[in-house]
Amino acid sequence: MTETAERTPLVYIVAGEASGDVLAAGLMKSLKKMTGGRVRFAGVGGDRMAAEGLTSLFPNSEMAVLGVFEVLPHAPNLLRRISQTVDDILKLQPDVLLTVDSKGFNLRVQKRLFKRRAAGQNVPFPLLHMVAPTVWAWRPGRAKTISTFLDELLVLFPFEPPYFEEHGLKTTFVGHPASVQPDGDGARLRARTRIPPKVPVLGVLPGSRAGEVRRLLPSFGETVRRLAPRYPNLRVVIPTVPGVADMVREGVKSWPLQPVILEDPEDKYDAFSAMNAALAASGTVTLELALAGVPTVVGYKVNPLSVPIGRMLVNMDAVVLANWILKRPVQPFFMQNNCTPEALTVAVARLFDDSKARGDSIAAGQALREVLGTGDIAPSDRAALAVAKAAGIAVPEFPQPA
């Protein structure tokens, strides 16, 4: 290692899943901007983080496992990857560790490192995590638990800090990146994909995890099949992510209407702008669709064995973020046995046929932006400033949040 590299701060970031990869990549870009490129990165991430200069320790797709019974078959590999990550962090001794979302994996990494620190081993660097556990939706006791082994938590929603500050954990609201998502160009997307200007477009978004896609795509496909005779000019657009794109492509081969599959992340907002309505898996994308003013029906299915446990632990009213934040049913939600093609077809058709649906969705999106926004400083910049401060990286010329 050169003398210059030794003086350059090292930020270790671990992010799983597509949404975590996007959050971390935005933060990395902001840190490079703030420091004039005088920062190094190591850790685990996906394509977006790789574009910002990260060489991932292993593919972050291995972290994308959801649900009690979904995790069990993958447990040996997950435990091996957790140990590998902890060993790599200890070897590199970064200036700060930031884990992003993927709580089942990342908080185990953090807990192991905190135990090493408590035992007097060499863990002098701050332990930060971004994206709070949804304690307001399920298992509120987790707020107290994670407060025992983290140094700071970066949260995306303004109502989250009190849940964790109550237990003495430093908590910083950085804002949700979707609050500053760009407006897409629907006309450009339609022109490129040869969709006529006034033809109705349904967006189908079956999730970013293999398990989600496997469980939802058949029901979503049957819904499209039922909608096709009712809307003979209907076109279907499917924005997806590289990790599941091949699965999606294979799964829609028998669908009617020849769906357009969009794998490039740069196409997503243009696709949102082109959509008249959407059918989406529960997750971050439903908030993005709400902010884009797209009338959306939300569906979700988990492993049937996970359902009884989930119903005991989860506040179902909080599953769809837009509904929870605005305290009203902005997006109709169908879970598990209720997520049937029959129910989804009726709900999507109502969005197409209701002349008020688009206006109501645009108004809801504006209300969400006001709740989630952070003023003049973008969420990625706020997060980067928090990480820089924790790591002792000086960025005196960059505006500081109020």
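We did not get these values from a lab; they are worked out from the coordinates using the rules stated. Because the structure is a prediction, the values reported are computed rather than measured. Neighbour counts run over all protein chains shown; Cβ positions are idealised from the backbone, glycine included.
Residue by residue, segment 80-91 carries 3J(HN,Hα) couplings of 5, 5, 4, 4, 4, 5, 4, 4, 5, 5, 5, 5 Hz when phi is fed to the Karplus relation 6.51 cos²θ - 1.76 cosθ + 1.60 (θ = phi - 60°); x denotes Gly or Pro. The C-alpha atoms of the chain define a longest principal axis, and helix 242-251 lies at about 20 degrees to it.
From its DSSP helices (H runs of at least four residues, each -39,500 (n - 2.57)), the chain gives a residue-normalised ellipticity at 222 nm of -13500 deg cm²/dmol.
When the convex hull of its Cα atoms is viewed from all sides, segment 321-402 shows a mean projected area of 8.4 nm². Considering only alpha-carbon pairs that sit under 8 angstrom and 6 or more positions apart, the relative contact order computed for the chain is 17 percent. Using only side-chain charges placed at the Cβ, +1 for Lys and Arg and -1 for Asp and Glu, the dipole size of the chain relative to its Cα centre rounds to 640 debye.
Among Y300, Y269, Y231, the residue with the largest mean-square fluctuation in a Gaussian network model of the chain, with springs joining Cα atoms closer than 10 Å, is Y231. When the chain is modelled as a GNM with alpha-carbon springs shorter than 10 Å, which of V241, V298, V86 fluctuates the most? Comparing V241, V298, V86 in the GNM, the peak value goes to V86. Scanning residues 5 or more positions from A277 or on other chains, those with amide H under 5 Å from its amide H are V201, G203, with H placed 1.01 Å from N in the peptide plane. Taking the C-alpha atoms only, the angle from helix 210-230 to the longest principal axis of the chain is near 20 degrees.
Its convex hull of Cα atoms gives segment 186-372 a direction-averaged projected area, equal to a quarter of the hull surface, of 10.3 nm².
Relative to the longest principal axis of the Cα atoms of the chain, helix 17-35 runs at roughly 50 degrees. Quotient of the Cα radius of gyration of segment 95-245 and 2.2 N^0.38 Å, N being its number of residues: 1.47. Backbone phi angles across segment 257-263, fed through the Karplus curve with coefficients 6.51, -1.76 and 1.60 (θ = phi - 60°), yield HN-Hα couplings of 6, 6, x, 8, 9, 10, 9 Hz in residue order; Gly and Pro are listed as x.
Magnitude of the charge dipole for segment 186-372, about its Cα centre and with charges confined to Cβ atoms of Lys, Arg (+1) and Asp, Glu (-1), is about 360 debye. Ratio of Rg to Rh for the chain: 0.97 [Cα atoms; Kirkwood radius as inverse mean 1/r over pairs]. Checking every one of the GluC sites (Glu not before Pro) in segment 162-260 against DSSP loop status and a limit of 12 other Cβ atoms within 10 Å picks out E166.
Using every Cα-Cα pair within segment 201-278, state what percent have a distance larger than 17 Å. In whole percent, the long-distance tail amounts to 39.
Here r is the Cβ-Cβ distance between R40 and K144 and R0 is 35 Å; the resulting FRET efficiency, rounded to 0.05, is 0.50.
A simple spin-label model places the labels of I362 and D376 3.0 nm from each other, with each point 7 Å out along Cα-to-Cβ. Between R249 and L90, the modelled labels are 4.2 nm apart [label points 7 Å from Cα along Cα→Cβ]. From the alpha carbon centroid of segment 114-190 to that of segment 1-63 is 18 Å.
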